[in-house]
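The values are calculated or read from the model by the stated rules, or taken from the named source; none is laboratory data. Source: prediction; values computed, not measured. Neighbour counts run over all protein chains shown; Cβ positions are idealised from the backbone, glycine included. All accessible areas refer to the heavy atoms of the entire protein, side chains included, with ligands and DNA or RNA removed. Shrake-Rupley method; radii C 1.70, N 1.55, O 1.52, S 1.80 Å.
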Amino acid sequence: MIASRQPNGSAISALRSLLPVLVVLALIALVPLLSPSNRFLSLAISAGINVIALYGLSVLFGQTGILSMGHAALVGVGAYTAAILARDLCTGFWLALPAAALASALFAMIVGIPSLRVGGHHFVIMTFAFGQLLAIVLTNGGDYTGAATGLDLVGPVTLFGADMSDLTRYYLMVVAFVAAAAVASWAIINSPYGRTLRAIRENERLAASLGINVGRHKIGAFVVSGIFAGISGVLLAHFLGHISPTQFASFPSIYLALMVMIGGARLIAGPLAGGILVAFLPEVLNLDPVQSRIVYGVCLIAVILLLPEGLIAGVGQVFRRLLASGQPKQEREELDTASTTPSEVRR
Amino acid sequence: EDNIVKIGVVAAESGSFVSAGHTLPAGVGLAVKQINDAGGIKVGGKTYKLEMVKRDDRTDIATAIAATQELVRDVKVQAIFGSETHDFTLAMAKITQPAKIIHFAGNSTLAKILTPDSVKPGGEDHYLFQSEPQEFQRSGSTASGVLTLLEPLLGYKPKKSVMIVGNDATGQFLSSYYFKALKAEGQDVPDIIFYPPDTTDFSPFLTRAKSLNPDIIHFWYNGDSTLTALPQALELGAAKSYFLFGVDPGIWKEKQLSADVPVAMSCVPVCWGESSNPKAKAYFDAYFAAGAPHGVTSSVSLLYHDYVHFLAEAWEKAGSFDPDKTVEALLTLHHQGVVSDDLTFNPTHQVTHATEVCAAAPGGDISCSMQQPPAEAPKS
Amino acid sequence: MSLLAISEIVTGYGPTIVNRNVSLTLAQGEIVTILGPNGAGKSTLLKAIAGLVRPRAGSISFDGADVTGLPADIMARRGVVLVPEGRKIFVDMTVEENLRLGAYSRKDPDAVEADFATMLAFFPILATKRRDKGGSLSGGQQQLLAIARGLMTRPRVLLLDEPSLGLSPLLVKEIKAIILDIGERFGASVLLVEQNAGLALAVAARGYLMQNGRIVVSGPIAELRDMSLMRDLYLGGVAQAAS
Amino acid sequence: MRAVDIFIQQILNGLSIASVITLIAVGVTLIFGLTGIINFAHGEFLMIGGIVTWLAVSAGLGFPLAAVLAILAVGLMGYILERGIFRFTLERPTNGFIVSLGLIVVLQHVVVLFWNPNQKSIPRPLTTVWEVGGVRIASVRVMVILITVAVVALSFRMITASRYGRALRASVEDRDTAALMGIPVRRYITGVFVLGSALAGLGGALLIALFPITPFTGGTMVMKGFAVALIGGLGNIYGAVAAGLILGIVEGFSAGYGFSQWTDAYSFVLMILVLLFRPHGLFGGTSGPRMAS
Amino acid sequence: MSPILEIRGLSKRFGGVTALSGVDLAIEEGEILGVVGPNGSGKTTLFNVVTGVHMPSGGSVSFRGRDITGLKPHAISRAGIGYTFQQAMAFAGLRVLENVQIAGEHVRVNAGASHHPWPTPLALLDFVGLAALADERAGVLPFGSLRLLGLALALASRPALLLLDEPAAGLNDRETAALVGLVRQLPGHGITVCVIDHDMKLMQMLCRRLAVLDFGSKIADGPTGAVLADPKVLDVYLGGDL
Ligand SMILES: Nc1ncnc2c1ncn2[C@@H]1O[C@H](COP(=O)(O)OP(=O)(O)OP(=O)(O)O)[C@@H](O)[C@H]1O
Ligand SMILES: Nc1ncnc2c1ncn2[C@@H]1O[C@H](COP(=O)(O)OP(=O)(O)OP(=O)(O)O)[C@@H](O)[C@H]1O
Ligand SMILES: CC(C)C[C@H](N)C(=O)O
Ligand SMILES: [Mg+2]
Ligand SMILES: [Mg+2]
């Protein structure tokens, strides 16, 4: 007979993956106490805004296995939505957030439906093309989009009456948004929905046979990633005060993809690590910009070759191996098996 | 012990916009050195030396913003120059203006935000200055110069002009003014052809221009693109003569370019390769001696050089670094620079100065002349 | 002397060890079977012999030469050929292309043509599907194609991994005949891994029983058949479940 | 100028840039279709080819020799990168793709580091311009077209010579099983990668013969190359050639007759439409090895 | 009682190949029906058409009186038809337990799937004997275990009708016997089963009724014993006595 057994408490173990991220973010929120330079704060804000977008990308790529080269375009839709709403309807920051999230989600759907019709690699190129198209449309959009010059976005960001435009305050607000993005993406990953997305990543045919509407969920993942991107776009537009088409063309998209890959797309700490590293590596190493890009490209290649799951997972693996080195051999073997992906899956 | 005044520079020293970026710190640096060598500036009874603090924006807006924040709040500069990238400058102004930092930038699109309202005391761009003329002035002086210089070389009065324009911020903005200027000169302009900024194959655009049978094709404005496009145009025999915006006769000679038809060129603002402006030679000798490369944008550095001197004079006149007093001084001064003996800012914080236009005869000599800007915008 | 000799071989994937100190031999013209439960490591052993998996330790000699660690393409050219489990045919290529790929490294075009004709005659279904993509074949048809493609290489040692998988009873009988025929017709030895014990016991002269990556028993088929361990591990269940 | 002359002129214009794009697309299609590697840095390979040509010509070599050097240098670079990097990503094409993004950054900036970011150009190797009717035909453009036709035809023969072609396709589909057939899979993959790279090297030489290049030239070219490869059907050389022609002509005409500022958009829209209605390209292609994430 | 699944005049052509031509077949609630036939006779195609993987060229399928012809695979799964693939499959990168959890999360219980209280994912793993491997990545399982996992996945989607395509392929006799033990229990849990396999011992143990396909047509349908003794079947399928 079919016996009844309860699954073990996986909620707790899931929480364990979120906790370090929240702790790190809490520490990051304390940084203003050290009176950091304004350059640091400014770069950190930009990095944080990227990280929010990266959390969307990690749901799309890390969980669902869909690599988009047009993510910056989704951020752009959010940013332009905020700027146009502010210009035409005097909409403030807080109202722009849901509106931009909606607009980016909608755009994601418009891009996603045709792109997902063509699978695999074609998809990547399609998203790339849509990103480029968006930039071209914005560039030729006349006064409505501000054409190549772009749009200004003025108007203070206030929270409970406090002016958030001050760098430190904006920084704290961005950190809060990053935390929210991390929690949201953690919730998705650990929900049945996240599992569904992973199932699609692993085997679409099997997923469909188990009642999963593969097409709808893939578009759904795309839309979810758009929501993150839209919010990131609003924060960006209000931070910069001026946006223009080139900021959202294909190369920024490539950089977003690189960041998420460096950090590791599947883990909750990945986007955070990737976003921070890419923003601060050239700063910290104090390299000449040309050299720093070379170093950075080489690092990326090394990470992908040596730690294909991303930096965070790789470091975790090394760490576990070190921990395990004290234990009996048998157990160590199993530990490692669990963390290697089978290179060959029977079909 | 000398007191130090810091001047910030934000420019692209890496990334895709480098070629323009190098000229900015070079021009500012040269002026700073000249002023310091001459003993510095005297403000309020004390002597100050200038220090240029430059930051690379890596052609990346986040870095440009961070650099500006750093210069304004951490380094505490008295003034900022830059950047060469339009949208970066507009975003930088959002930082410099509330902080009351004098901000010079060359981007002509600044005209969009420099309005009488925004530059008045208390306005949001009170401390922002455009180091280039109002666009109708540059367009007007250029158009009349091009037509005047080409007419004798063509042997008849050109009637039909076609513009080929890069589809980026500068191109979009500038072309409408140049179009009007050409019209005001009596030209028939049947088409403005935009090309994507990274175009290298101009032949389809040129063939289209050729089909309109123009007397002059005007390449407006990107010097690098122009140099790419010209040989293709000559190959296609696209027009009876050409105008290359922003290509210096120096480049023309260095690259050993030649054409079987007349070619006009213009420099922003004065040419370094061949010039009718006597003061310019001394400047460019010093500029290149300092190690700056010969390039299509080299002459732009001259503007920044002049405005550093201009600013220094303003500080001396104001007797203070107080930004409001500095602005007042800048608006009332008549500065003697290389570009012009009488540099002044107009009520919307833009300057007026001449543009140098040259023309190369087929296989022959180059002649240049400074073109004075029109006083008023053409009525369209 | 045996044609193929495996001695003390160790295999694994990543950090996991699959086969531990496995030794076996195969003589010219002999048909030998390896039996064992799921996951015992039979397929991995065959892959190691064929050169798809690099042995961690131990040695493999073939035809008197040491071939340990040679890659699969070289092993195939020397005549040690694996027909992998799970019908790994080329699904985007036609049946004919699949078969011709079997003869890729052969330099005897006339004999290849003859073999090609023989295969189509052996397996008439492949003849009718000659121009169809491999992927459009039914499961059993794909299995036949994989076997035929293996034979097209003119192997000296044929490693068959579960050839009867998914074949109808009628075809299992035919395959049995073909395996028995391989030695005579192609002069090849066969190392056979089979879950269909009936088939394995019917064609092989000797057998090895593998469990947890090790050889636990070996001997002539007649002896193996009667062994109680063999029955427990491999055959036993049927009678119980049926009762 | 007569309308018909303009029309013919535009077709000729389209053909020459189409040639360079086709060389990229054929390289992309070969490398992807036959090895499963999506090398987005292919455009930078092209750029390096141009730089090598520029260096060689500046050093006083003639263009033909410089072009050969470019082919060899980029082929060698392909060999090193395949051996040193891409072979380790074969099991995970996505990683190969990401690595190639990293390579873009590295290659561009290495060139900037050594030879500054400015435009580079060489004197035109052929300067004659024929005038036929109202149409101007530059001999250098004709040279580019002819070389492309010859080289593509040659590669096509090499790849499709039945035994190799079959073995290559088998290697793509299932490397292990192909090896079981005695196919030296690794050598084939390397060979194809090197061939594709060498084509990019040639493309670079031809490109700089036509137009100046910068360290950032690769980016726009590779997008067009990929667009062409996809429109034609990945892995399909015929398709790449046909699609290259189509794209070249569409671009020429859109710049010449359409709204010129939308020129870049036309090719992307074309690609999106084609893929929407024919997901495997106009002429059908392999779906390639499955993309494991 | 009306059949749970009713197939009428079902045809499927692939280009020139007729994989199915006018097949009629009814599966009664609670039975275990076997489908046999030579390789390439259309068995898998029959399953694929029923489960929505392929569109039929003609004919209809109705499930519990509802016409489901041409629905998408996920919709058919949700209607209550589960199936396992001839090529064993699982979500290779995910843990075994996660596999089963996913499979159980997309059922619409009211839409025709079983109303019985359903066992937990771990219990299902226990049922197929994979509980010990719950934390392994599915990709490293050996073939046989992968098949069992496939069965667990299909079961987790709460099917009222379960289609098994060669569930015993690659299993040895002992493992096959264990599988028989499992499948036999299913009707007791309200699951009707239709199974394809070439292992006649298995089929005899499991099925009271067999349907035989040949060249896409049904050539026999009836009690197992009788069908296996049918000379036609002996001739095209069994090749003589068992
Ligand atoms: N590519 C692989 N990566 C990691 N582990 C693997 C891989 N292939 C097989 N294994 C593991 O190696 C062990 C032996 O597998 P193998 O396929 O050799 O067994 P087998 O005896 O052939 O079983 P079966 O009868 O099911 O085919 C199994 O535990 C399996 O999980
Ligand atoms: N996608 C397809 N394209 C073309 N032909 C196909 C396709 N799928 C199946 N066929 C053909 O349809 C026929 C029936 O195939 P099917 O897979 O249903 O057979 P089967 O009865 O399941 O055989 P087996 O017992 O060998 O698995 C075969 O001749 C096969 O070649
Ligand atoms: C070359 C110049 C026309 C560019 C100038 N800095 C502008 O933006 O107007
Ligand atoms: Mg096996
Ligand atoms: Mg079947």
| query | Can you work out the FRET efficiency for the pair B:Lys281 and D:Ala153, with r the C-beta to C-beta distance and R0 = 51 Å, to the nearest 0.05? | reply | 0.35
| note | Here the whole-number average of other chain Cβ atoms within 10 Å per Cβ of C:31-38 is 3
| request: Determine the principal axes of the Cα atoms in segment B:249-380, then give the extent along each, sorted from largest to smallest and rounded to whole angstroms. | output: 56, 45, 20
| Roughly how many whole Å is it from the C-alpha centroid of segment E:210-237 to that of segment C:31-100? | 38
| field | Highest-MSF residue in chain D out of D:Ile80, D:Ile51, D:Ile246 [GNM, Cα springs under 10 Å] | value | D:Ile80
| Average beta-carbon neighbours from other chains, 10 Å sphere, peptide A:252-265 | 2
| task | Before anything else, pin down the relative contact order of chain D: Cα pairs under 8 Å, at least 6 apart, normalised by residue count, whole percent. | result | 37
| query | In percent, what relative contact order does chain C have, based on Cα pairs under 8 Å that are 6 or more apart in sequence? | reply | 26
| Rounded to whole Å and sorted largest first, what semi-axes of the equivalent ellipsoid does the C-alpha gyration tensor of the protein assembly as shown yield via the square root of 5 times each eigenvalue? | 69, 36, 29
| remark: Dividing the alpha-carbon radius of gyration of segment D:3-277 by 2.2 N^0.38 Å, where N counts its residues, gives 1.00
| Leaving out same-chain residues fewer than 8 places away, which lysines sit with a Cα under 28 Å from that of B:Lys46? | B:Lys6, B:Lys33, B:Lys54, B:Lys76, B:Lys100, B:Lys317, B:Lys325
| remark: For chain B, inverting the pair-averaged 1/r of distinct alpha-carbon atoms gives a Kirkwood value in Å of 21.1
| remark: The answer for segment E:5-236, accessible area per residue at 1.4 Å probe in Å², is 32
| About its Cα centre, what dipole magnitude does the protein assembly as shown give when the only charges are +1 on Lys and Arg Cβ and -1 on Asp and Glu Cβ, stated in debye to the nearest 20? | 2780
| To the nearest µm²/s, what D does Stokes-Einstein give for segment E:129-203 at 20 °C and 1.002 mPa s, using the Kirkwood radius over alpha carbon pairs as Rh? | 165
| field | Crossing angle, helix D:139-160 versus chain D [Cα axis fit, 0-90 degrees, rounded to tens] | value | 20
| remark: Among E:Leu146, E:Leu5, E:Ala92, the residue whose Cα sits farthest towards the positive end of the charge dipole of segment E:5-236 (+1 at Cβ of Lys and Arg, -1 at Cβ of Asp and Glu, taken about the Cα centre) is E:Leu5
| Normalised alpha carbon radius of gyration of segment A:22-164 [divisor 2.2 N^0.38 Å] | 1.21
| query | When you look at the Cβ of every residue in E:31-39, what mean number of other chain Cβ atoms sits within 10 Å? | reply | 3
| task | Tell me the Kirkwood hydrodynamic radius of segment B:69-184 in angstroms, computed as one over the mean inverse distance between distinct C-alpha pairs. | result | 16.1
| message | If I fit a long axis through the Cα atoms of helix A:270-285 and take the longest principal axis of the Cα atoms of chain A, what angle between them do I get, 0 to 90°, rounded to 10? | response | 60
| task | Find the centroid of the Cα atoms in segment C:194-210 and in segment A:276-322, then give the distance between the two in whole Å. | result | 53
| request: Using every Cα-Cα pair within segment A:141-195, state what percent have a distance larger than 18 Å. | output: 61
| query | In straight Cα distance, which aspartates and glutamates are under 13 Å from B:Lys379, not counting same-chain residues fewer than 8 positions off? | reply | B:Glu185
| query | So what are the radius of gyration and Dmax for the Cα set of chain A, in Å? | reply | 21.0, 72
| query | In segment D:1-122, how does Rg compare with the Kirkwood Rh, expressed as the Rg/Rh ratio over alpha carbon atoms? | reply | 1.06
| Spatially proximal lysines relative to B:Lys253 (Cα-Cα < 20 Å; intrachain offsets below 8 disregarded) | B:Lys281, D:Lys120
| message | If I take the Cα coordinates of chain C and project them onto the principal axes, what are the three extents in Å, biggest first? | response | 48, 47, 35
| said: Largest first, please: the extent of the C-alpha atoms of segment A:103-234 along each principal axis, to the nearest Å. | reply: 53, 37, 18
| query | Based solely on its DSSP helices, what 222 nm [θ] is calculated for chain D when runs of n ≥ 4 H residues each add -39,500 (n - 2.57) and the sum is averaged over all residues, nearest 500 deg cm²/dmol? | reply | -25000 deg cm²/dmol
| field | C:Arg130-A:Met109 pseudo-label distance in nm [points 7 Å out on the Cα-to-Cβ vector] | value | 5.4
| message | Given all pairs of different Cα atoms, what value in angstroms does the Kirkwood hydrodynamic radius of segment A:152-290 take? | response | 17.6
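Please give the total accessible area that chains C and E bury against each other, computed with a 1.4 Å probe and expressed in Å² to the nearest 100.
For C against E, buried area totals roughly 2300 Å².
Across segment E:5-236, how many lysine pairs, 8 or more apart or on two chains, come within less than 19 Å at their alpha-carbon atoms?
7
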| request: Calculate, for chain A, the solvent-accessible area per residue in square angstrom, rolling a 1.4 angstrom probe over the heavy atoms of the protein chains. | output: 39
| query | What relative contact order, as a whole-number percentage, does segment E:5-236 give when Cα pairs under 8 Å and 6 or more residues apart are counted? | reply | 27
| message | How large are Rg and Dmax for segment D:149-293 when calculated on the C-alpha trace, in angstrom? | response | 17.2, 56
| Which angle from 0 to 90°, rounded to the nearest 10, does the C-alpha axis of helix D:42-58 make with the longest principal axis of chain D? | 60
| task | Wrap a convex hull around the Cα atoms of segment E:5-236, take a quarter of its surface area, and give that in square nanometres. | result | 11.9
